[in-house]
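What follows is one structure encoded as structure tokens, with my remarks underneath.
What follows is calculated from the coordinates using simple rules that are stated; it is not laboratory data. All figures in this text were calculated on a predicted structure; none of them were measured in a lab. Using ideal geometry, Cβ is built from the backbone for each residue, glycine included, and neighbour counts are taken over all protein chains shown.
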Amino acid sequence: MSTVIAGAASEPVTRSAVPRHRVRWPLSRRYVLGRLLNALLAVWAVFTIVFFALHVTGDPSVTLLGPDSTAADQARVSAHLGLDEPLWRQYLIFLGQSITGDFPESIRYGVSPVGIVFERLPNTLLLGLTGLLAGAIAGLSAGYYAAAGRSRRLRRIPVSILTAFEAVPSFFLGVIFIALFSITWAVLPMAWDGSAASLVLPAAVIALALAAPIARVFRATLVETFEADHVRLAESKGLSRRHVTLRHVVLNSLAPVVNVIGVQAGVVLGGAVVTETVFGWPGVGQLATSAFATRDYPLVLATVSLIAVGFVLINLLVDLVGALLDPRGGRR
């Protein structure tokens, strides 16, 4: 028997005999594919709404040239934009243009509108990300203080102040900031001048519009998490208050906040039209406003399509990040 055991022990261990530990991806394939499908459907729905909304308002060629234009001029513009085709064919052409980015040339600039939009996109991203980051920091700080601040009487003050700023329309808040910081005190430029200082006021307007909902959600989640069983268990083990708060409370409270930040990021992308116009910021929002004003139909299609697709992609990214922070929702 000892010979058998010795012989068995001397046999080399094959690779197949060693148990393999597979690293499990926290998100199921079904969850990811489902979110991708929802994003594609949302993009298609957005393109469809944009197409029919532009046609419901009337003949785009008449809108471009004005009511006093001749029938020959309208026919020429319609042929250039493909508006002389049947509506169903125009719809298919528009979907193809939106997917490939092959829009007709801009009437004002005489080049592809996609290149013009992407030339302005970095400015919009810079403004949006700066405002979003500042708003997230302010909202998270106010929400944390409202839930765990030492003074119970002063806890609600930061959230109340942010809520008051949220109630003020962005364009009016921008005008107030310009009047105070650019005209009265003359410490910041009122419009884009190429300097970093010109980023402060528009980014502050965006940040103040986003901070309040982030603060409210973070505070409510923190209060609920502080009462959770696993937090009380961690405290009963003698762990420090700081460790319990950061490891077991704050981290477990971020998933709902990420969803709110994602929604607000989409709002920033759409709301940039107002903020960029007020402060003369050379981004996609200001470009869209000028395109509407000059009746540049191809440029309108390109800017609206980009903003809509960006909104959908941001929400897709937020869904995935939120599921990673709370894997229970991404394993189904």
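Here Y109 and A71 are evaluated by their C-beta separation; at R0 = 35 Å the FRET efficiency comes out at 0.85. Which residues does the label zone of V223 cover in segment 127-143, counting backbone N under 18 Å from a point 7 Å along Cα→Cβ? Of the residues in segment 127-143, 139-143 have backbone N under 18 Å from the label point off V223.
With a cut-off of at most 10 other beta carbons within 10 Å, and DSSP calling the residue loop, which GluC sites (Glu not before Pro) in segment 138-241 qualify? Please list them. Walk me through the intermediate numbers first.
Values: sites: E166, E224, E227, E235; in loops: E227.
Answer by residue number: E227.
Our coupling estimate for segment 308-320, obtained by passing each phi through the Karplus curve with A = 6.51, B = -1.76, C = 1.60 and θ = phi - 60°, is 5, 5, x, 4, 5, 5, 4, 5, 5, 4, 5, 4, 5 Hz, Gly and Pro reported as x. Calculate the FRET efficiency for E119 and L95 from the Cβ-Cβ distance with a Förster distance of 25 Å, rounded to the nearest 0.05. E(calc), rounded to 0.05, equals 0.55.
Using θ = phi - 60° in the Karplus curve 6.51 cos²θ - 1.76 cosθ + 1.60, the 3J(HN,Hα) couplings for segment 167-176 round to 6, 8, x, 4, 5, 6, 5, x, 5, 4 Hz; x is entered for Gly and Pro. Couplings 3J(HN,Hα) for segment 84-100, derived from phi with the Karplus relation 6.51 cos²θ - 1.76 cosθ + 1.60 (θ = phi - 60°), are 8, 7, x, 4, 5, 6, 4, 5, 5, 4, 5, 4, x, 5, 5, 6, 8 Hz, where x marks Gly and Pro. For segment 166-249, the set of chymotrypsin sites (Phe, Trp or Tyr not before Pro) satisfying both a DSSP loop assignment and a count of at most 11 other C-beta atoms within 10 Å is given as W185.
Dividing the convex hull volume of the alpha carbon atoms of the chain by its residue count, what do you get in Å³ per residue? Before the final figure, lay out each step's value.
On the way: hull volume 82.5 nm³, N = 332.
About 248 Å³ per residue, rounded to a whole number.
For the pair L87 and V263, label points projected 7 Å from Cα toward Cβ lie 3.4 nm apart.
Model label sites at A148 and F292, defined 7 Å from Cα along the beta-carbon direction, differ in position by 4.3 nm.
Between A186 and S240, the modelled labels are 5.1 nm apart [label points 7 Å from Cα along Cα→Cβ]. Quick one: helix 29-56 against the long Cα principal axis of the chain, what's the angle to the nearest 10°, folded into 0 to 90? For helix 29-56, the angle is close to 10 degrees. Using all pairs of distinct alpha-carbon atoms, the Kirkwood hydrodynamic radius of segment 64-185 works out to 19.9 angstrom.
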